1. Can you tell me how many residues in the range 20-47 are among the acidic types (Asp, Glu) and either buried (at least 16 other Cβ atoms within 10 Å of the Cβ) or touching a residue at least 60 places away in the same chain (Cβ under 8 Å) (or both)?
2. Within the range 58-69, does at least one residue satisfy the condition of being crowded, with 16+ Cβ neighbours inside 10 Å and in contact with a His (Cβ under 8 Å, 6 or more places away or on another chain)?
3. Might you let me know whether the range 126-141 holds any residue that is free of Cβ contacts under 8 Å to residues at least 60 places away in the same chain, within 25 Å of Ala2 (Cβ to Cβ) and not aliphatic (A, V, I, L, M)?
4. Inspect the range 62-74 for any residue being modelled with pLDDT under 95 and closer than 23 Å to Glu141 by Cα and give the result as yes or no.
5. Could you list all residues from the range 70-124 that are among the small types (Gly, Ala, Ser), touching a strand residue (DSSP E or B) at 6+ places or on another chain (Cβ under 7 Å) and surrounded by fewer than 16 Cβ atoms within 10 Å (Cβ to Cβ)?
6. Write out, first by first residue and then by second, each pair whose Cβ atoms fall under 7 Å of each other, whose residues are 6+ apart or on separate chains, and whose first residue, in the range 110-121, is of a type in the set (D, E, K, R) while the second is modelled with pLDDT of 90 or more and surrounded by 15 or more Cβ atoms within 10 Å (Cβ to Cβ).
7. For the range 6-47, give me each residue that is of a type in the set (Ser, Thr, Tyr) and closer than 25 Å to Gln102 by Cβ.
Amino acid sequence: MAVPLRAHHLLCLLSYSGEGYSPAFVHGFNGIVQRLADAEPIELVTGPDAICAPLCSDPCAHCHNQSVTQRDQLAADALAPWFERPLVPGARLTLSAQRLAQLRAAFAQDQFHRACAGCPWDGLCADIARNGFAGTLLHMEPVAVPTD
C-alpha cells in the first residue's frame, strides 16, 4: 500500500511538528508520518489526499482551491530534481533518511520557497528550518549497508 499525497505535502512533511488545523487533522497527519517512518511508499495524487482527509467535510476547506493546486505544481517542479524524475500524479516515491536530510537542507536554504509562497504555515515552517528542524516528527533511521 502507498500513502496518497499531493506534491506540496512532501514539503510540509519536512517541518511538520504536530501542529495543524484541528485535533483530527493532527491525528491523521501523525499517522501518515508514522507510515512514512515505517518506509511505506508515497503515491502522488491530484487534489485532496490523506493529509487533507479530515478537512474535506468542511465547506470552506482550501484543499480544492486553485491556489493549492498551483502550489502542488510548484512543489512537484521544485522537488523533481531531488527524486531524479518528473513528479506527476501516480508516481511512486520512497523517502530515506538520506533523502529526508537532503530535502531539509535544501528547504533550510530556501530552495523550495517559491512553492511555499502564500501558504499560511510558511512562517512557522521557516522558523522550524532555522532551528535545525528541532521538534519535527518525521524521523527515519539510516539503512545499514551490509559488509562482507
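1. Here is the first cut: in the range 20-47, the residues among the acidic types (Asp, Glu) are 38, 40, 43.
Pick out the ones that are also either buried (at least 16 other Cβ atoms within 10 Å of the Cβ) or touching a residue at least 60 places away in the same chain (Cβ under 8 Å) (or both) and you get 43.
Of the residues in the range 20-47, 1 are among the acidic types (Asp, Glu) and either buried (at least 16 other Cβ atoms within 10 Å of the Cβ) or touching a residue at least 60 places away in the same chain (Cβ under 8 Å) (or both).
2. The answer is yes, given that some residue of the range 58-69 is crowded, with 16+ Cβ neighbours inside 10 Å and in contact with a His (Cβ under 8 Å, 6 or more places away or on another chain).
3. Here is the first cut: in the range 126-141, the ones free of Cβ contacts under 8 Å to residues at least 60 places away in the same chain are 126-127, 130-132, 134, 141.
Narrowing the set further to residues that are within 25 Å of Ala2 (Cβ to Cβ) leaves 141.
Going one step further and asking which of them are not aliphatic (A, V, I, L, M), we end up with 141.
Yes.
4. No, because not a single residue in the range 62-74 is modelled with pLDDT under 95 and closer than 23 Å to Glu141 by Cα.
5. Kept after step one, since they are among the small types (Gly, Ala, Ser), are these residues of the range 70-124: 75-76, 78, 80, 90-91, 96-97, 101, 105-106, 108, 115, 117-118, 123.
Subsequent filtering for residues that are touching a strand residue (DSSP E or B) at 6+ places or on another chain (Cβ under 7 Å) retains 90-91.
Passing the criteria: only Gly90.
6. Arg114/Leu74; Arg114/Ala78
7. Our first condition is that a residue be of a type in the set (Ser, Thr, Tyr); within the range 6-47, this holds for 15-17, 21-22, 46.
The answer is Ser15, Tyr16, Ser17.
For (1) on the phi > 0 side of the Ramachandran plot; (2) at pLDDT below 95; (3) in contact with a Ser or Thr (Cβ under 6 Å, 6 or more places away or on another chain), each residue gets a yes or a no:
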site	(1), (2), (3)
Gln109	no, no, no
His113	no, yes, no
Ala117	no, yes, no
Asp122	no, yes, no
Asp127	no, no, no
Arg130	no, no, no
Thr136	no, no, yes
Pro142	no, yes, no
Thr147	no, yes, no
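The values are calculated or read from the model by the stated rules, or taken from the named source; none is laboratory data. What you see is a predicted model, and the numbers here were worked out from it, not measured in a lab. Backbone-built Cβ (ideal geometry, glycine too); neighbour counts: all protein chains shown.
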